[in-house]
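The values are calculated or read from the model by the stated rules, or taken from the named source; none is laboratory data. Only a predicted model underlies this, so the values are computations on that prediction, with no experimental measurement involved. Neighbour counts are summed over all protein chains in view; Cβ atoms, including those assigned to glycine, are modelled from backbone coordinates with ideal geometry.
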Amino acid sequence: MEHVVITIAREYGSGGRTIGERISKKLGIPYYDKDIIRMASEDSGIHESLFGRVDEYNSAKPPLFGKTGVYTGELIPPQSKDFTSDANLFTYQAKIIKELAREKSCVIIGRCANAVLNPSDFPNVLRVFVHADWDFRMQEAAKKLSKSPKEIEKFLQKDDKRKREYSRRFTGKEWTDPSGYDLCLDTSVLGYDGCIAKIEEAYQEMLNK
């Protein structure tokens, strides 16, 4: 393959973002996280703060894209009253993700990129899910959050719920379903270096196809 895109979905405290940053540097390829919000805002003309609203989504509403919630990629035109709807904001982010995947090797963090870049249309994508056991996540989260153990536990539970519902609403898929990924890596077992080694190995194998 000419280029390979690595998408990383992760549980908070599993180190998925750190792993993404490190594999990006090691492979010498770009890294995209919240940059996608800025790029979608520039592309659509919709204020960046509205994309942040969708990013913080946390409500168990039904799927947005029809009965099944399957993302279609269809953009709503500016003259429509639904131009700044949650569905259109997600679709603009998905548009940027697809453009990046067609252009070059890169690492994309979150934003349901594994579901947006479906295997039939994007065989050049390595879909990774990074997770860890609860104690590991609590310890890692405590390094970033100035909260008590009880508050950190509530934060992790809330973040898991947000990501689970975000995936269900915008893609109709289960966030933690292993069938949606090519690699599911446990940092509490493999460590950061072990996860990076697995990703790099799979990346090189795909490039050589």
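Structural remarks
- Within the range 94-112, restricting attention to residues that are within 14 Å of Arg164 (Cα to Cα) and touching a strand residue (DSSP E or B) at 6+ places or on another chain (Cβ under 8 Å), the residue that is surrounded by the most Cβ atoms within 10 Å (Cβ to Cβ) is Cys112.
- Pair list, Cβ < 8 Å and 6+ apart or interchain, from the range 16-40 residues that are free of Cβ contacts under 8 Å to residues at least 24 places away in the same chain to residues that are of a type in the set (Gly, Ala, Ser) and surrounded by fewer than 22 Cβ atoms within 10 Å (Cβ to Cβ): none
- A single member of Gly28, Gly20, Gly45 is buried (at least 22 other Cβ atoms within 10 Å of the Cβ) and among the small types (Gly, Ala, Ser), and it is Gly20.
- The range 147-171, subset touching a residue at least 60 places away in the same chain (Cβ under 8 Å) and not basic (Lys, Arg), residue surrounded by the most Cβ atoms within 10 Å (Cβ to Cβ): Phe170
- Flag for Asn114 being under 23 Å from Glu74 (Cβ atoms) and either part of a helix (DSSP H, G or I) or touching a Gly at 6+ places or on another chain (Cβ under 7 Å) (or both): yes
- The residues listed here are Arg137, Arg168, Arg127; of these, the one that is at pLDDT below 95 and among the charged types (D, E, K, R) is Arg168.
- Residue in the range 126-146 that is surrounded by 13 or more Cβ atoms within 10 Å (Cβ to Cβ), assigned to a helix (DSSP H, G or I) and polar (S, T, N, Q) present: yes
- Here Ser85 passes the criteria (1) farther than 15 Å from Ile36 by Cβ; (2) in contact with a helix residue (DSSP H, G or I) (Cβ under 8 Å, 6 or more places away or on another chain); (3) surrounded by 14 or more Cβ atoms within 10 Å (Cβ to Cβ) except the one numbered (2).
One line per residue, one yes/no per condition, for (1) in a helix (DSSP H, G or I); (2) among the basic types (Lys, Arg); (3) closer than 22 Å to Phe122 by Cα:
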position	(1), (2), (3)
Leu156	yes, no, no
Lys163	yes, yes, no
Glu174	no, no, yes
Ser179	yes, no, yes
Cys184	no, no, yes
Gly191	yes, no, no
Gly194	yes, no, no
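- The range 83-106, residues that are closer than 17 Å to Val125 by Cα and not in a helix (DSSP H, G or I): Lys104, Ser105, Cys106
- When restricted to residues that are at pLDDT 90 or above, over 15 Å from Ala94 (Cβ atoms) and not charged (D, E, K, R), the range 16-51 contains 11.
- Scope the range 88-99; condition closer than 19 Å to Tyr31 by Cα and touching a helix residue (DSSP H, G or I) at 6+ places or on another chain (Cβ under 8 Å); matching residues: Tyr92, Gln93, Ala94, Lys95, Ile96, Ile97, Lys98
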